Structure formats: structure tokens, C-alpha cells
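The values are calculated or read from the model by the stated rules, or taken from the named source; none is laboratory data. For clarity, every value in this text was computed on a predicted model and none was experimentally measured. Cβ coordinates were reconstructed from backbone atoms using ideal geometry, including for glycine residues, and neighbour counts include every protein chain displayed.
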Amino acid sequence: MKRFGEKLRALRTRNGMSLRQLAAQLGLSVHGYIAQIERGERQPTPDLIVKIARLFQVSADQLMMDELELGDQQNAPQETPDC
């Protein structure tokens, strides 16, 4: 899962989202946590991985497995229901 942060940054920037916007979409109050994940300094929780996958319409496997690529399609963020 070394590339998770790279993939997250790619999805976020591909969709024109700032760190703050992504944090808000994921229900996080601190956008610094997302920045740390993108830099590989922290690991996301399983719940957060699922939220990110749903938001960007990709599988959790694509996010977590280094050998799986995201593809070139733009993955439009979807409103996530409150869990």
C-alpha cells in the first residue's frame, strides 16, 4: 500500500479538489490528515479507505494494491451519505 497516497493525490487533483474540499467530503475536520496520507506519513483507516473509494467511484483494491492502476478516467466525486 505504498502508493496509496500517490493515488489519493492523483484522484483529488484530477477532480480539481483541494485538501480542504476532500476533507469536508470525507467528513474530516482536519485537512492535514489527508496531506499526511498523501505524503505517506500516515496510513488511512479501513473506514476512510472505503469512503475514499466510494467518493471517487474506484475499488478499495485499486487504492490499496500497488500493482493495480486507477485508469485514466475522471472519477467524479459523489455525495456520500452520512454513515
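Could you check the stretch 26-59 and list, in sequence order, the residues that are outside any helix (DSSP H, G or I) and either in contact with a Pro (Cβ under 7 Å, 6 or more places away or on another chain) or crowded, with 18+ Cβ neighbours inside 10 Å (or both)? Show your work before the answer.
Within the stretch 26-59, the subset outside any helix (DSSP H, G or I) is 26-31, 39-45, 57-59.
Answer for the stretch 26-59, where residues must be outside any helix (DSSP H, G or I) and either in contact with a Pro (Cβ under 7 Å, 6 or more places away or on another chain) or crowded, with 18+ Cβ neighbours inside 10 Å (or both): Leu26, Pro44, Val58.
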Surrounded by 14 or more Cβ atoms within 10 Å (Cβ to Cβ) and either free of Cβ contacts under 8 Å to residues at least 60 places away in the same chain or more than 11 Å from the chain's Cα centre (by Cα) (or both): is that true of Glu6 in this structure? yes
Between a residue in the stretch 40-55 that is more than 17 Å from Thr13 (Cβ to Cβ) and of a type outside the set (Val, Ile, Thr) and any residue that is modelled with pLDDT of 95 or more and not in a helix (DSSP H, G or I), which pairs come within a Cβ distance under 6 Å, given they are 6 or more apart or on different chains? Lys51/Leu26
Restrict the check to the stretch 47-55 and report whether at least one residue is under 12 Å from Met1 (Cα atoms) and either at pLDDT below 90 or not hydroxyl-bearing (Ser, Thr, Tyr) (or both). yes
Which residues, counting only those in the stretch 1-25, are closer than 18 Å to Gln62 by Cα, in a loop (DSSP other than H, G, I, E, B) and at pLDDT 95 or above? Asn15
Inspect the stretch 69-81 for any residue being modelled with pLDDT of 90 or more and either assigned to a loop (DSSP other than H, G, I, E, B) or in contact with a Lys or Arg (Cβ under 7 Å, 6 or more places away or on another chain) (or both) and give the result as yes or no. no
Search result, residues across the stretch 23-39 that are touching a residue at least 40 places away in the same chain (Cβ under 8 Å) and not polar (S, T, N, Q): Leu26, Gly27
Looking at the stretch 15-60 only, could you name the residues that are of a type in the set (D, E, K, R) and touching an Asp or Glu at 6+ places or on another chain (Cβ under 9 Å)? Glu38
